[in-house]
Amino acid sequence: MYRFSIQTKITLPFMLLFAVIIFAISIVTISLFNRKYDEQFSVETREWLEAIVQTNYIYEPEKVKRAYRAEVVVFGQDGSISSSTLTNPTGSLFQLATDLKIHQVQKQLRDGFDDGFILENVTVFSKPYKAIYYLQSDGHLYCLIRPIDKIAEARQQAILLMIGVASSGVFLVICISYLIGRNLGKPISNLVAFTHRVADGNLNIQCEITTRDEIGNLTASFNQMTVDLRNSRDELIQVERLAVAGKMATSFAHEIRNPLSSMRMLAQMLLNPSLTEANRHQSLQYILEEIERIDLIVKGLMDFAKPERLMRSECDLRHVLQEIMNLMGANLRHHKISLIENYDSSIGPILLDYDKIKQVIINLLLNAIESQPNNGEIRVSTRKREDRVYICVSDNGKGISPSDLDRVFEPFFTTKLEGTGLGLANSKRIIDQHGGKMRIESILGKGTEVKIEIPVESNTSQE
């Protein structure tokens, strides 16, 4: 459905209305002019003929022609021409009688039509005339014809003048309607553009108020609404930050509580003077391992809370993945897991942070190895579709339950006995930094598939 702008909706009805009114007035004016002028001309012609009859000029056609500049044609009772001041070298007398409608007029006059006078507009020898007929007492038909070619020219000029006036009026109405529509439509257009920017998330702008009317009041209301939305958004972000900070603090405390408890017990054992040197050395070794575990948790949390800036460069994705597979080869062979690779050769160099992508893929491979027994299978493949590159890592391990699948990207969430629960959370954040997406599909008891989608050219912020 075609959408008209507010300016068009305002101006178009006014333009059509005024155009119809102006042209209707012009047509009526021209029609009244023609009618009045024709009536006046007819009355004048009749008065001339009455004067001619009263002064007996009716028998002197040449004097009538000189005095009134009109032509005279007299017809006999049989329709023949008795006399005529009208000459035309190319016309015939029969044609003249036909043009003047003699037989029709004679019949009307004999029937007593219009007290002996009849007025007609005729065309004689291709020229327009006003003809008045008078039936003489001797039965002859007297015809006085006045040329009206100049009247036709004047009428045409009047019509052209009225058309010009009407066109000028319509043009003026169009200009005025356009200005009115522009004055009304421009503030509305600015307000619409402003709402679009606000809808895109820019709440730090204000729409300029250019009018002091209802539209100005509406603009002021939108500005106030934008301020309220910005304040509400800031408050909501603050609340969300506090909630996330509280949740992460709780998870962090839970993760380091176990190693701290172990270290406490080991430290208490070291205070026992009867403890052998070998047991003392072993306790110290356990304490160092727990400290390393806490350090790993803290490092993962810091990476998640404040990610490093991406260092992008053009990389051959196939080469990157083959390097990772060679690096993980010993681990795969140790667990007797077969690796199946299928890379799309049409994928060219793309912008990646080599180290970060390597961290993601290694983390996915370690998860796949830990999720299945020996003699398992891991598939790594790539493909390209339009401007996106897809990396798929799948295994035939134990899979993930539906209840856990919704939480796999949450910080500190893990189903493994050992681990920080930050691996997948950091991996997803890295892919998000690349402007991509990470999705996990899993069927309990059959395996898991991780799909990574990365744009070939990304303008996403690297922060």
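Read-outs throughout are calculated quantities, based only on the coordinates presented, and are distinct from any laboratory measurement. None of the values given here were measured: they were computed from a predicted structure. Here the Cβ positions follow ideal geometry from the backbone for every residue, glycine too, while neighbour counts run over all protein chains shown.
I need the calculated FRET efficiency for the pair His196 and Asn342, taking r as the beta carbon distance and R₀ as 45 Å, to the nearest 0.05. Provide the component values of the computation, followed by the final result.
Values: r = 44 Å, r/R0 = 0.99.
Calculated transfer efficiency: 0.50.
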Which cross-chain or sequence-distant (5 or more) residues have an amide H under 5 Å from the amide H of Val124, H modelled 1.01 Å from N in plane? Tyr129
Just to check I understand the Karplus step: with θ = phi - 60° and J = 6.51 cos²θ - 1.76 cosθ + 1.60, what whole-Hz values come out for region 442-448, glycine and proline as x? 8, 10, 4, x, 10, x, 9
Take Ala243 and Phe125, extend 7 Å from each Cα along the Cα→Cβ direction, and tell me the distance between the two endpoints in nm. 10.5 nm
How far, in nm, would the chain grow between Thr98 and Leu288 when pulled straight, counting 0.36 nm per residue and subtracting the alpha carbon separation? 55.1 nm
Obtain the nm distance between the two label points defined at Asp234 and Thr8 by a simple spin-label model: each point lies 7 Å from its Cα along the Cα-to-C-beta direction. 4.2 nm
Mind putting together the pair-distance distribution for the chain? All Cα pairs, 20 Å bins, whole percent per bin, short to long. 15, 23, 16, 12, 11, 14, 7, 2, 0
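Based on the Cβ-Cβ distance from Asn204 to Asp295, what FRET efficiency comes out when R0 is 51 Å, to the nearest 0.05? Let's see the in-between values first.
Values: r = 41 Å, r/R0 = 0.81.
Efficiency computed from Cβ-Cβ geometry: 0.80.
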Which residue, Val64, Ala199, Ser168, has the largest displacement toward the positive end of the dipole of the chain when charges sit on each Cβ (Lys, Arg +1; Asp, Glu -1)? Ala199
Residues with amide H under 5 Å of Val408's amide H, sequence separation 5 or more or different chain, H placed in the peptide plane at 1.01 Å from N; which? none
Starting from 0.36 nm per residue, how many nanometres of slack lie between Leu444 and Phe23 once their C-alpha separation is accounted for? 143.5 nm
Rounded to whole Hz and in sequence order, give me ³J(HN,Hα) for region 30-43 from the Karplus expression 6.51 cos²θ - 1.76 cosθ + 1.60, θ = phi - 60°, writing x for Gly and Pro. 4, 5, 5, 4, 4, 5, 5, 5, 5, 5, 5, 5, 5, 4
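When every alpha-carbon pair in region 280-403 is counted, what percent end up more than 20 Å apart? Kindly include the intermediate steps, with their values, before the conclusion.
Details: 4438 of 7626 pairs.
Value for region 280-403: 58 percent of Cα pairs lie more than 20 Å apart.
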Label point 7 Å beyond Cα of Leu405 along Cβ direction - residues of region 370-395 with amide nitrogen under 17 Å: 393-395
7 Å from Cα along Cα→Cβ at both Leu218 and Tyr37: what's the point-to-point distance in nm? 5.1 nm
Under 16 Å Cα-Cα from Lys384, which aspartates and glutamates qualify once same-chain neighbours fewer than 8 residues away are excluded? Asp316, Glu341, Asp344, Glu453, Glu457
Nearest 5 is fine: what % of DSSP beta bridges in the chain come out antiparallel, could you say? 90 percent
Return the aspartates and glutamates within reach of Lys150: Cα separation strictly under 18 angstrom, same-chain partners fewer than 8 residues apart disregarded; answer none if there are no such residues. Asp38, Glu39, Glu44, Glu71, Glu120
For Thr85 and Ala152, what does the FRET efficiency come to when R0 = 22 Å and r is the distance between their Cβ atoms, rounded to the nearest 0.05? 0.55
At the level of C-alpha centres, the distance separating region 331-359 and region 38-99, in angstrom, is 114 Å
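What number, in percent, do you get for the relative contact order of region 313-455 if the mean sequence gap of Cα pairs under 8 Å and at least 6 apart is divided by its residue count?
Values: 245 pairs, mean separation 33.4, N = 143.
Over region 313-455, the number comes to 23 percent.
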To the nearest 20 Debye, how big is the dipole of the chain about its Cα centre, given +1 on the beta carbon of each Lys and Arg and -1 on that of each Asp and Glu? 240 debye
Output the relative contact order of the chain, whole-number percent, from Cα pairs under 8 angstrom with separation of 6+ residues. 10 percent
Phi to ³J(HN,Hα) by Karplus 6.51 cos²θ - 1.76 cosθ + 1.60 over region 63-70, Hz, x for Gly, Pro: 5, 4, 4, 6, 6, 10, 6, 10
